[in-house]
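S.K.: One structure coming up, written as structure tokens, with questions to follow.
Nothing in this text is a laboratory measurement; each read-out follows from the coordinates by a stated rule. Only a predicted model underlies this, so the values are computations on that prediction, with no experimental measurement involved. Every residue, glycine as well, gets a Cβ built from its backbone with ideal geometry; the counts of neighbours run over all protein chains shown.
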Amino acid sequence: MSSLSGENRLLFFPVRHHSPVCSYQLTRVIEKYRPDIILIEGPSDAEELIPVLTHEETRLPAAVYYFYKDKKKLVSEEAEDYKCYYPFLNSSPEYNALLAAKHTGIPARFIDLPYYELMINTSEKSGLRRAEKQDYADDTRLTQGDVYRALCGRTSVRGFEEFWEKYFEIGGLRLSPEGFLRQMHTYCLMTRENADPEELEADGTNVRERFMAARITEEMKSHWRVLVVTGGFHSSGLYELVMSGDVKPPKLHTVPADCKGAFPAAYSYEAADALHGYASGMNYPYFYDSVYRRICESGSHEGAFDGTALDLLVRTAKACAKKDLPAALPDVTAALSMMRGLAALRGVGESGIYELIDAVTSTFIKGEKTLSSSLPIDLLKKLAVGEGVGHIGDKSRVPPLITDFEEQCKKLRIDCDTVTPKTAECGLFTSAKGLAVSRFLHRCRYLGTGFCKLQKGADLRENRDRSRVREEWTYRRTPSTDAALIDHTADGFTIEEACRTAAHKTLAGERRCEEAAKTAVDCFVMGIPISDERQLLTERTAADGDFFSVGGGMRYFETLHRLRELYGYEDESAEELIGLCFSKLIAMLPTMANLPKEAADGCIKVMKHMSALTDSILRSRAGELETALRLMVSAPDRQPAVYGAAMGLLCRFDDSFRVEAERALGGYLRGAPEVMKQGAEYLKGLFSAARDIMFGENDFLRMTDELITGMSGEDFTEVLPQLRLAFGYFTPQETSATAKAAAALHDTTASEIRFGRVIDEGLYAFGKRLDEEIAEEMT
Amino acid sequence: MERYIKPPVEVRYADELAALAASDTGKRPENWKLSPLAVRTFILGGSVKTPSGRIKISRKFYGNDALVERSIITLAGSRGLMLVGEPGTAKTMLSELLSAACCGVSTNTVQGTAGTTEDMIKYSWNYALLLSKGPSREALVPSPLLIGMERGIFARFEEITRTPAEIQDSLISVMSDQILNIPELGDEGLVLARPGFNIIGTANTRDKGVNEMSGALKRRFNFETVEPVRDVKLEKEIIVREAEDMAKAGHIDMPVDTDVAELLAVTYHELREGRTADGTVVEKPAAVMSTAEAVSVYFQTVSHAWYYGASRPDPAVLTENLIGAVCKENKDDLEKLRAYFRTASKEKSKAGAVWKEYLGSSKLLK
């Protein structure tokens, strides 16, 4: 199993994903063993992507992104979509195996089940079907069970990662390839023996190993020396299966081509970090990647860890200095001495990441270690995780959407090569570039890439902050950005096309005019014309029988119409759609007279908006509104607030309605107490549409005064909220004028009415004490 | 051997230190008695090979092994070691262990107080000799710092932040230049530190802000924060072990009751964390809930049982002793303790007879 002799036809090399020592020793093994083929654990449906990954211009971290849409319900009845990444770093042994195969001119193959089969053969909440699991490179098996705990206890280390670094990453560099292979096989065999057989079945390990063993057996027929590179956990299982000579591969399912796929995608160090949430691979990927790069550059493992740790230490000190934390040269020197001293004390050949963290803890934190004082450690860990994002060199296999995304970013000078959050400010109306950046970011947001977030700016959808002329965005590219773009691959070749298609799909699925109009607003901010969707929008509006939805839709269309010139939006469809909404509303308006009380405010809002439109873009249709309002007020049952609003609006068309409105209020005044209470609602509706009526030559003020003073205290309390709302439409000057006029009715002053009588402070205190004493006597 | 209430570490563990020194083949910093690796073994436990067989070295410090390793390396370098943390987290013990293992002396100590003066840190005079013979080496009374410099051993500075800041700062020149100048002695007054000299300071985080250390002095130390023991099982083990040692020293021949030790460990742990094992939030007392305090309460309870003829420590007496330990700083702490007993009664009354008896004694909390 570990012999590198040419006579050994099958050599298993167990690896830990992203491990520099595995990469180092694997390349040595390849040089020595000279295999005829290299078989690598990886979903076989990505085999065609191997040249893309090893392309000269590809910059790691990169990943293969797999997806499977379970439309045939082969995984579960839920017919869900599944996706996962197979990440590669410079330190990934699998990547180095692919690279070595390319350089030596031998074939390299991925031998695991296709991704969809992996999902079909995995039980719920197990293996790749765990909710948080999106990473194919999984090493959790190596870190589970009692074996490593016992080893950590015996070797006085704090956990598996430290154990691994000490004995494998640093210790393993000094071993011969044969010695390292023996050490790896021994450890992996121990973890395998501790595995639960039921779990192996549930997470698909058994079926995967049968498939891989069959592939190995098959390749051995045509190649003499076969090198198999798999996760350490599988090596012994595969060896037994292959040696048994009786491997029956599982039967594969037939899955439609559009339901599965694999694409190369840029990946980030942050996502590759085992601490990031996927619990696989190694912690601090940038640190280990740098170690491996150092080994490759110098051609020797000597000093690779020490040098990388020192680099990171210096960078941490610089990062601390930027944050005004004391980290001067003597601190760096003390940390270096601490790091080296700890390595010697612990018997580690060179300083690893844990010695570095300890050194920074001891020398950079001045005082008690708390959450706030631990910033140097946080900075160090952030640097050790890394911030870089990879790049796919060979674009032939890259989804065009990602290519377009990168081109647009480049053109608009948006930095998409880092996971560090960046900010972008765009003046919407000051330059064409500002608007272009805004549109691009809105498009990215619409596609659900998670790439950007609007921090400040107008929100036309929610009708907020419309006066803002600048937008402030934060953005950062993560693997999920690429994943989201890949998910939209079928929607178009460019971001704009994908947005257009996505918007069309959304519109096609909408039934309500208001929601369709919101999508039109989305198109507006993305700079995508809606003229092509005019038919669909017209249909949605025409078919919508909901007065409020059409009213909401009309408001959105008006916003688009009003802002089109400002935003340089070349589409005139909105005006037509406003007209259509208006027609629908005119037809429905008379039926709104007797609405439930809760819907009254919404109805009044639409009515007022319709009225406002007849003063601007729909001047010619004022007559239609007047007719509809007349029908409304002549209805037998009327909701008082809506009735009042209709009366108020009609005053605009015909002055005689002022008298009608006064009469109507008189009707409420003369009614029974319940009817009188409705008068307050009526006033609310009336004042919302025509508050100036209060200041005309009429009896409105006196009648309103009668209404209020004629009520019992209890009734007044009940209608008080309505009255507050009614008078809430008045400006402060109008409120003051009303108070003056009301004061005249009661022979008093306006300030007496508005602010009450001023009571002497001493008198108030005396009264209070008197009250308390009486209360005390009474009890 | 003569008996003492608390013999110094180098006396108490003389056998272990001798065994470690005899078998120590590691590289030693100049003037150190043991190599860093052997110091680690002395503090964190292990075993050594001797001609008469393997000798077990007991573990003396529990909690954070990496902290001990960092402390050893700090002391081997040019910076001082500052141990900070809550009271009762074994900072002083660790400082004594390090001094004893590295220099063979753990008693070269300055105790920091509000009344500590620069003389106590540097040097003072025997005034009779000073008057009769003038300023001379004979008349000089060296401080632990000066002794440390001259002999190449550690000087321990306890509770450094209790000392006024300007007095603390007298350490700066010694630590940066490793020189102490005694101007009264003229040309002979320059004392250069010998290899092996270093300073171990301890500071209590409860004293934070009383006499804040200057930035210049902080830069000359590596800081290590000693955390309270977070594991209840481990805390119980420490209580049992320490109480056993104290009982032995006090000639109390009574076996340690681990159930009662557990009551105490759980009570201290939950009050310190402000949360019970079931997740119920309880109010933290203002008093220090350290393991050292728990050991003291337990030993008090054992002594009570021993001298008043009881066969085992009584949980009710434990409760009474707890009042004295918890209700020191704030009168609200008694109410917090009562509230804890009420919460624990609901959760732990089914945990066993000892717990029932213990919680039943809550009426004594007054």
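S.K.: What is the distance in Å between the Cα centroid of region A:639-668 and that of region A:516-540?
M.R.: Their Cα centres are 38 Å away from one another.
S.K.: Report the net charge of residues surrounding A:Ile111, where surrounding means a beta-carbon distance below 11 angstrom and charges are Lys +1, Arg +1, Asp -1, Glu -1.
M.R.: -3
S.K.: Just report the Cα centroid separation between region A:1-77 and region A:229-271, whole Å.
M.R.: The two parts, judged by their Cα centres, are 10 Å apart.
S.K.: I need the shape label for the protein assembly as shown. Rule: rounded when a/c is under 1.5, else prolate if a/b > b/c, else oblate, with a, b, c from the alpha carbon gyration tensor. It would help to have the intermediate numbers written out before the result.
M.R.: Values: a/c = 2.33, a/b = 1.37, b/c = 1.70.
Oblate.
S.K.: For A:Lys323, give me every one of the lysines with a C-alpha distance below 23 angstrom, ignoring sequence neighbours fewer than eight places off in its own chain.
M.R.: Hits, sequence-local ones excluded: A:Lys366, A:Lys369, A:Lys381, A:Lys382, A:Lys422, B:Lys218.
S.K.: Which of the lysines could a cross-linker bridge to A:Lys395, judged by Cα under 23 Å and excluding same-chain residues fewer than eight apart?
M.R.: Filter leaves A:Lys83, A:Lys102, A:Lys260, A:Lys410, A:Lys411.
S.K.: Report the local net charge at B:Thr276: Lys and Arg +1, Asp and Glu -1, summed over other residues whose C-beta lies under 10 Å from its C-beta.
M.R.: -1
S.K.: Work out from phi, with θ = phi - 60° and the Karplus expression 6.51 cos²θ - 1.76 cosθ + 1.60, the ³J(HN,Hα) of each residue of region A:590-598, listed in order in whole Hz, and give x for Gly and Pro.
M.R.: Listing the rounded values in order: x, 7, 8, 4, 10, 6, x, 4, 5 Hz.
S.K.: Please list, in chain and number order, the residues 5+ apart from A:Ala62 or on another chain whose amide H is under 5 Å from its amide H, with Hs placed from the backbone.
M.R.: Here A:Phe88, A:Tyr267 satisfy the definition.
S.K.: Here is a follow-up. Between A:Gly42 and residues 5 or more places away or on another chain, which pairs have amide H atoms under 5 Å apart, with H built 1.01 Å from N, and which residues are they?
M.R.: Amide H to amide H, under 5 Å and 5 or more residues apart or across chains, A:Gly42 pairs with A:Ile111, A:Asp112.
S.K.: Out of all DSSP beta bridges with both ends in chain B, state the antiparallel percent to the nearest 5.
M.R.: 40
S.K.: Counting Lys and Arg as +1 and Asp and Glu as -1, what is the net charge of the other residues whose Cβ lies under 10 Å from the Cβ of A:Lys684?
M.R.: Once all neighbours under 10 Å are counted, the net charge is -1.
S.K.: Here is a follow-up. Using θ = phi - 60° and the Karplus curve 6.51 cos²θ - 1.76 cosθ + 1.60, what whole-Hz ³J(HN,Hα) does each residue of region B:330-344 get, with Gly and Pro shown as x?
M.R.: In residue order, the calculated couplings are 9, 5, 5, 4, 5, 5, 5, 5, 4, 4, 5, 4, 5, 5, 5 Hz.
S.K.: Based solely on its DSSP helices, what 222 nm [θ] is calculated for chain A when runs of n ≥ 4 H residues each add -39,500 (n - 2.57) and the sum is averaged over all residues, nearest 500 deg cm²/dmol?
M.R.: Per the formula, -17500 deg cm²/dmol.
S.K.: Cross-link candidates for A:Lys605: which lysines have Cα within less than 23 Å, leaving aside residues fewer than 8 places away along the same chain?
M.R.: Within reach: A:Lys518, A:Lys584, A:Lys597, A:Lys677, A:Lys684.
S.K.: Pop out the ³J(HN,Hα) list for region A:521-527 in order, Karplus 6.51 cos²θ - 1.76 cosθ + 1.60 with θ = phi - 60°, rounded to Hz; leave Gly and Pro as x.
M.R.: Karplus values, whole Hz, x for Gly and Pro: 5, 4, 4, 4, 6, 8, x.
S.K.: Taking chain B as a Gaussian network, where each spring joins two C-alpha atoms under 10 Å apart, which residue of B:Glu184, B:Glu159, B:Glu335 fluctuates the most?
M.R.: B:Glu184
S.K.: What share of the DSSP beta bridges in the protein assembly as shown is antiparallel, in percent to the nearest 5?
M.R.: 55
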